[in-house]
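The values are calculated or read from the model by the stated rules, or taken from the named source; none is laboratory data. Computed from a prediction, not measured in an experiment: that's the story for all the values here. Here the Cβ positions follow ideal geometry from the backbone for every residue, glycine too, while neighbour counts run over all protein chains shown. Only protein heavy atoms, including side chains, enter the accessible area calculation; ligands, DNA and RNA are left aside. Shrake-Rupley method; radii C 1.70, N 1.55, O 1.52, S 1.80 Å.
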Amino acid sequence: MKHFNHSSTGSIREMFLSIGDVITEDLVQEVNMADSFGLMIDEVTDISLIEQLFCFIQYVDRAGCPTIHFLFTADLLKESDSADAATIVKVIKEKLLNLGIDISKLRSLARDGASVMTGKKNCVAALLRKEHPGIINIYCICHKLALACADTKTELKDIDLAQLTLIQLWKYFQNSPKRTAVYLKVQEGTKNLKLNESSRKMVAKRLKKACTTRWLSFQTVFDNYAAVLQTLSQLSEKDTAAYGLLKRMKKTRFLGTLYILKCILPPLSKLSKIFQTERTDAEFRYYGVTSLDSLMDSFYPNIEKDEKNEKVTEWNKIKYNMLEWKKDDNR
């Protein structure tokens, strides 16, 4: 910026937008040279409570490498009263049109497991497939697992109450650097440590935000339960909010819930990681067959059964050849 004569907020904003336009133009040019592309989308509500749609694009570049780039973000409620599937589809189509990207090349859509994204008839994926039948729909199985846990907790009031308490605890410290400093100092004391600033940041753990799809908050509070109670006890003398949190967190049911979650969450975390990794050798025989069926159903809906079996046989041959090549490389 020292070489730029105009340093007002408006000038800096205009300069960044101009740089962004150039980057976007280069990206669009790359995408249009590809035979096809896929989109990855998700909804999020920002700190100003605006419902935003985030979109990333994936394609194979000229060097033959899979490439992922951020594409756009859009305010879903700017011209609509609801962030439903029809609104999301409309925004996607308008954005691609304005950018100059040919939507007929869209071949895949990756999204979370929310109903607006994965419903059978009127979800985002279904509406797009009506106009572009070749689209392959991919949903995040890890997010499905998190949603299943969230649905379960509505029937378990103790877990629901524990999560509410942890959310309030996180907000209590998040909005006050002074309270956070007290908490970090107490942590050092409970661990009998005297640390310099760099070491302090490594050892002292800040509280994680609690929500239905993130479980780190439970683990952090469990590991530092004594420090949290001691901090709230110090602050409760002059702060009623700290007194209320302390009273709830000292209850046997709350502590019991933390212990139960301590046992439940590690297996769930392990399951989530399994969903993100490749299949084991025991399942190698069927690896990729289901995906191949989906591809053939999408791109060759009228394929004969014998031809379909032939394609599966070809895939298995390549798969086992690759396994042998891998063994040879390891030798």
Test result for Lys178, at pLDDT 85 or above, open to solvent by 30 Å² or more (accessible area, probe 1.4 Å) and under 30 Å from Arg253 (Cα atoms): yes
Selection from segment 274-302 of residues that are at pLDDT below 80, open to solvent by 90 Å² or more (accessible area, probe 1.4 Å) and closer than 30 Å to His132 by Cα: Gln276, Glu278, Tyr286, Tyr287
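From Leu27, Leu76, which residue is farther than 24 Å from Tyr139 by Cα, open to solvent by less than 80 Å² (accessible area, probe 1.4 Å) and touching a strand residue (DSSP E or B) at 6+ places or on another chain (Cβ under 8 Å)?
Leu27 is the lone residue from the list that is farther than 24 Å from Tyr139 by Cα, open to solvent by less than 80 Å² (accessible area, probe 1.4 Å) and touching a strand residue (DSSP E or B) at 6+ places or on another chain (Cβ under 8 Å).
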Lys157 vs. criteria of a type in the set (D, E, K, R), at pLDDT 70 or above, closer than 19 Å to Lys262 by Cα and out of contact with any Cys (no Cβ under 8 Å at 6 or more places or on another chain): yes
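The rows are residues; the columns are (1) assigned to a loop (DSSP other than H, G, I, E, B); (2) within 23 Å of the chain's Cα centre (by Cα).
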residue	(1), (2)
His3	yes, no
Ser7	yes, no
Glu25	no, no
Met40	no, yes
Val44	no, yes
Phe54	no, yes
His69	no, yes
Phe72	no, yes
Leu97	no, no
